[in-house]
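Values in this text are rule-based calculations from the coordinates and carry no lab data. Being a predicted model, the structure only gives us computed values, none of them experimental. Note: ideal-geometry Cβ built from the backbone for every residue, glycine included; neighbour counts use all protein chains shown.
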Amino acid sequence: MPIAETTSRPYPLSPRALDNKEVQEQIRRGADRLRSAYGRSRKRWVKAARDAKLRRQVAEGTRAFALAAKAFAGQPRKPKRRWGRRLLVFLTLGVVGGGVALALKNRTEGGLQ
């Protein structure tokens, strides 16, 4: 591919990237994570292969860039599952159901003993 084609091709896409807040946020997050990973790797005492924090920062940075690419391509982000709400509903139903069962049991037996 000639250089003229590669330099002119991304230009029409860049205004879209500048207007999309999600793309900007993901690129910013990815750059911050990779910058902090680079700073950590520059320390002499850090062994990159064994440092869990360094690996996590690199993984978060690359994940943020992947999300930015998906957002730029127009693919919607999958909503996060909300297990906390489901758990709260089931616990509430369990407590209420247990209370009703206890009340009915006490009612049929003639009161608390």
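Partner aspartates and glutamates whose Cα lies under 16 Å from the Cα of Lys53, excluding those fewer than 8 positions away in the same chain, are identified as Asp32.
Using the Cβ-Cβ distance between Trp83 and Glu22 with R0 set to 22 Å, the FRET efficiency from 1/(1 + (r/R0)^6) comes to roughly 0.40. Per-residue Karplus couplings for region 29-38, computed as 6.51 cos²θ - 1.76 cosθ + 1.60 with θ equal to phi - 60°, are listed in order as 5, x, 5, 5, 5, 5, 5, 5, 5, 5 Hz, Gly and Pro entered as x.
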